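Structure first, commentary second.
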Amino acid sequence: MKKRKKAFVDSCYCVACGCCEKECPIGAINVHKGISATVNFETCVGCGKCSKECPACVIEIREVNGEKEKTLV
């Protein structure tokens, strides 16, 4: 199966600043209730723009198989 890239947020250390949400060109990442950013894996293309913009360095771009990946919590 073809490997794709997706963004994963370490919600334990996310500061919910919204920088990643503003940077995502397709709206696949959102700050949830001012607590932590969440990624919509159905729309995320793994471009890495959110990861580069994150001041807390808590967003990682990973390769995933074609299967659905569980969220990092």
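So, in nm, how far is label residue 45 from label residue 4 when the simple model puts each one 7 Å beyond its Cα toward the Cβ?
Those two pseudo-labels are separated by 1.2 nm.
Report the equivalent ellipsoid semi-axes for segment 4-46 in whole Å, largest first, defined as the square roots of five times the eigenvalues of the gyration tensor built from alpha carbon atoms.
On the way: eigenvalues 56, 25, 13 Å².
Result for segment 4-46: semi-axes of 17, 11, 8 Å.
Are there cysteines in the chain with no other Cys C-beta under 4.7 Å, and if so, which?
If one checks each Cβ against the other cysteines of the chain, 12, 14, 17, 19, 24, 44, 47, 54, 57 turn up with nothing under 4.7 Å.
Need one word for the chain: rounded, prolate or oblate. Basis is the Cα gyration tensor (sqrt eigenvalues a ≥ b ≥ c); a/c below 1.5 gives rounded, then a/b vs b/c decides. Before the final figure, lay out each step's value.
Values: a/c = 1.85, a/b = 1.60, b/c = 1.16.
Since a/c reaches 1.5 and a/b is larger than b/c, the shape of the chain is classed as prolate.
I'd like the GluC sites (Glu not before Pro) in segment 1-45 restricted to DSSP loop residues with at most 10 other Cβ atoms within 10 Å, sorted by number. Mind showing how you got there, number by number?
Working: sites: 21, 23, 42; in loops: 42.
Answer in residue order: 42.
For the chain, report the accessible area per residue in Å² (1.4 Å probe, heavy atoms, rounded to an integer).
Working: 5060 Å² over 73 residues.
It amounts to 69 Å² per residue over the chain.
The values are calculated or read from the model by the stated rules, or taken from the named source; none is laboratory data. Since this is a predicted model, take the numbers as computed values, not measurements. Note that each Cβ is placed from the backbone with ideal geometry, even for glycine, and that neighbours are counted across all protein chains shown. Side chains are part of the model used for accessible areas, which takes the heavy atoms of the whole protein and leaves out ligands, DNA and RNA. Shrake-Rupley method; radii C 1.70, N 1.55, O 1.52, S 1.80 Å.
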